[in-house]
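Q: Attaching a single structure in structure tokens format; questions to follow.
All of the numbers you see were taken from the coordinates with simple rules; none came from a lab. Since we're looking at a predicted model, the values are computed, not measured. Every residue, glycine among them, receives a Cβ derived from its backbone with ideal geometry; neighbour counts consider all protein chains shown.
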Number of protein chains: 2
Amino acid sequence: MEAVLSRKEQIEKTATALFKSKGFSATSMRDLANALGIEAASIYSHIKSKEEILQRVCFNMAREFFEAIDAVEAKEGNATDRLKRAIAAHVNVLTQNTEASAVFLHEWRHLSEPMHGTYLSLRDKYEARFREIIRSGMNNGEFTVPDEKFAALTILSSLNWIHTWYKPEGKMTPAEIAHNLTEMLLNGLTSSKQALHDTYSHLNTP
Amino acid sequence: MEAVLSRKEQIEKTATALFKSKGFSATSMRDLANALGIEAASIYSHIKSKEEILQRVCFNMAREFFEAIDAVEAKEGNATDRLKRAIAAHVNVLTQNTEASAVFLHEWRHLSEPMHGTYLSLRDKYEARFREIIRSGMNNGEFTVPDEKFAALTILSSLNWIHTWYKPEGKMTPAEIAHNLTEMLLNGLTSSKQALHDTYSHLNTP
DNA sequence: TAAATTTGCTAACGAACGTTAGGTTGCTTA
DNA sequence: TAAGCAACCTAACGTTCGTTAGCAAATTTA
């Protein structure tokens with residue numbers, strides 16, 4: 001079932017693809033018009049300005065990310081569990097909107113004030129959600145991490161690189177990506193933990 | 001001891017700062033001239049084109065990264081050791097050239113052919129160096145990782161976010177950043193490995 | 001069927017773009 | 001002291017930029 005897009009949504013979608021591949025500034029309204037098969041001036045029957053498109057893409061994605069993390073935290077769980085679900089939710093949003101995500105992550109600096117400032121404060125709020133999960137995990141001994149802010153940034157930066165290589169037809173599904181990422185970030189690369197656990201776990205039998 | 005910069009190097013440095021903060025396309029030659037206190041046309045006494053500046057920044061940084069990884073692999077060591085040193089080397093290059101690194105990582109797509117293709121193949125070669133370290137660690141049991149390419153990308157994406165927040169006057173030194181990153185990436189967030197090791201290590205006494 | 005809305009057009013606006021041509025100044029070197 | 005060079009200037013080029021005005025056709029709504 002294909003969604004029927006309004007002309008405005010078609011413009012937004014086409015612009016998003018161009019903004020991702022060429023960047024916002026290097027994409028002209030004539031480029032966009034050409035991709036749509038119409039004249040540049042015609043676009044202005046549907047939008048107010050070039051920047052309006054960027055605003056819509058950025059803040060729609062912001063809303064998606066917040067809805068995802070809200071859903072994660074609506075359910076109870078320890079820090080490990082919540083972090084796993086937060087990662088999976090973030091990966092889901094990213095992989096379901098690869099182009100818009102790329103624009104969201106890379107082109108926001110071309111927003112003018114006050115949107116630019118709004119964007120930054122939203123981003124900080126979102127990062128704070130991850131920081132809080134990590135902090136609670138540190139407090140109850142689930143996590144051992146040198147710096148909670150540093151850990152949150154490192155996790156998010158791993159996640160936010162996905163859009164550069166993810167292809168829906170690729171061999172990893174979003175769920176597998178989330179699982180592999182979680183595995184790496186929670187347990188690290190070294191084999192010894194699992195080995196240690198395998199070796200000694202019989203000592204822990206009740 | 002301050003390095004004495006030629007005019008061309010001053011232009012490159014100023015342009016790098018502008019390219020980082022506004023992006024290559026959104027930075028005009030008149031912006032650059034204004035930052036230098038001269039007229040736009042005067043810049044062309046020193047450079048051939050706007051893109052030449054971008055090329056120099058990108059490929060100078062590429063050279064820096066390769067020299068760093070070459071130095072890492074000139075010394076012997078197991079995979080864990082080499083990965084630690086590769087991370088530290090990468091962080092060093094990044095933190096010593098924050099602005100050029102940002103341009104290198106974000107603005108390369110504005111290179112025209114054949115430079116664009118050259119850049120991509122260099123980037124792949126560099127990533128392959130990390131993949132090889134990870135693969136050798138997988139083969140001898142040092143690392144347990146779902147996919148070597150995936151692991152390399154995840155590690156590099158964590159590293160490549162640093163330039164967005166690193167400040168030389170901040171509380172973390174490059175060495176501390178590298179150490180914390182290595183700790184997180186090798187051991188993960190969960191506390192259990194060290195705890196397990198602490199708990200059971202007496203069993204391993206020879 | 002009349003009115004309203006959607007979608008597009010041509011023509012053009014002033015501003016900004018990267019770049020070139022040609023010339024001037026002042027310092028450095030032979 | 002003459003030649004060479006580095007650094008910068010003014011003026012201007014052709015092009016592209018985002019955007020507006022005004023109008024026309026088709027489709028939807030009342």
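Q: Would you calculate the volume per residue, in Å³, of the smallest convex hull containing every Cα atom of segment B:50-204?
A: Numbers: hull volume 20.5 nm³, N = 155.
Each residue corresponds to 132 Å³ of Cα convex hull volume.
Q: Output, in nm with one decimal and in ascending order, the distances from the B:K22 label point to the matching label points of the other copies (7 Å from Cα along Cα-to-Cβ).
A: B:K22 label point versus its equivalents elsewhere: 2.0 nm.
Q: If you take the square roots of the eigenvalues of the alpha-carbon gyration tensor of the protein assembly as shown and sort them as a ≥ b ≥ c, do you get rounded (a/c under 1.5), prolate (a/b over b/c) or oblate?
A: Working: a/c = 2.09, a/b = 1.36, b/c = 1.54.
Oblate.
Q: Placing +1 at every Lys and Arg Cβ and -1 at every Asp and Glu Cβ, with all other atoms neutral, what dipole size does segment A:1-47 have around its Cα centre, in debye to the nearest 20? It would help to have the intermediate numbers written out before the result.
A: Values: 6 positive and 5 negative charges, 24 e Å.
Using Cβ point charges on Lys, Arg, Asp and Glu, segment A:1-47 gives about 120 debye.
Q: Provide a whole-number value for the mean count of partner chain Cβ atoms within 10 Å of the Cβ atoms in peptide B:177-189. If you can, show how the numbers build up before the last one.
A: Details: counts 3, 0, 1, 6, 3, 2, 4, 12, 7, 5, 9, 13, 18.
Whole-number average of other-chain Cβ neighbours for B:177-189 is 6.
Q: Moving on. Taking only C-alpha pairs under 8 Å that are 6+ residues apart, what is the relative contact order of chain B in percent? Kindly include the intermediate steps, with their values, before the conclusion.
A: On the way: 151 pairs, mean separation 43.9, N = 206.
So the answer I get is 21 percent.
Q: Please get the size of the charge dipole for segment B:24-104, origin at its Cα centre, with Cβ charges of +1 on Lys and Arg and -1 on Asp and Glu, quoted in debye to the nearest 20.
A: On the way: 9 positive and 11 negative charges, 9 e Å.
That gives a dipole near 40 debye.
Q: I would also like to ask the following. Can you tell which of B:N34, B:N160, B:N92 shows the greatest fluctuation in a Gaussian network model of chain B with Cα springs below 10 Å?
A: Of B:N34, B:N160, B:N92, the Gaussian network model singles out B:N34 as fluctuating most.
Q: Answer with one residue from B:L83, A:A86, A:V103: the one whose Cα lies farthest towards the positive end of the charge dipole of the protein assembly as shown, charges on Cβ with Lys, Arg +1 and Asp, Glu -1.
A: A:V103
Q: Provide a whole-number value for the mean count of partner chain Cβ atoms within 10 Å of the Cβ atoms in peptide A:141-153.
A: Working: counts 4, 4, 5, 11, 8, 8, 6, 0, 1, 8, 3, 0, 5.
Partner-chain Cβ atoms within 10 Å, mean over residues of A:141-153: 5.
Q: I would also like to ask the following. So for the protein assembly as shown, taking the charge dipole from beta-carbon charges (+1 Lys/Arg, -1 Asp/Glu), which of B:S49, B:I11, A:L153 sits furthest toward the positive end?
A: Of the listed residues, the answer is B:S49.
Q: Decide, for segment A:1-47, between rounded, prolate and oblate: order the square roots of the alpha carbon gyration tensor eigenvalues as a ≥ b ≥ c, take rounded if a/c falls under 1.5, and otherwise choose prolate if a/b is larger than b/c, else oblate. Write down the numbers at each step before the final one.
A: Working: a/c = 2.20, a/b = 1.27, b/c = 1.74.
It comes out oblate by the Cα gyration axes.
Q: Another question, then. Let me spell out the model: positive unit charges on the Cβ of Lys and Arg, negative unit charges on the Cβ of Asp and Glu, origin at the Cα centre of the protein assembly as shown. What dipole size does that give, in debye rounded to 20? List each step's numbers first, then the result.
A: Working: 48 positive and 52 negative charges, 127 e Å.
Value, rounded to 20: 620 debye.
Q: May I pose another question? What does the copy distance list look like for A:P168, label position 7 Å along Cα→Cβ, in nm and ordered from shortest?
A: Counterpart label points of A:P168 in the remaining copies fall at 4.7 nm.
Q: Taking amide H atoms as placed 1.01 Å from N in the peptide plane, list the residues 5 or more away in sequence, or in a different chain, whose amide H sits under 5 Å from that of A:F143.
A: Those qualifying (amide H under 5 Å, at least 5 residues apart or on another chain) are A:M138, B:S191.
Q: Of the candidates B:S28, B:S45, B:S112, which one comes out as most mobile in a Gaussian network treatment of chain B with C-alpha springs shorter than 10 Å?
A: B:S45
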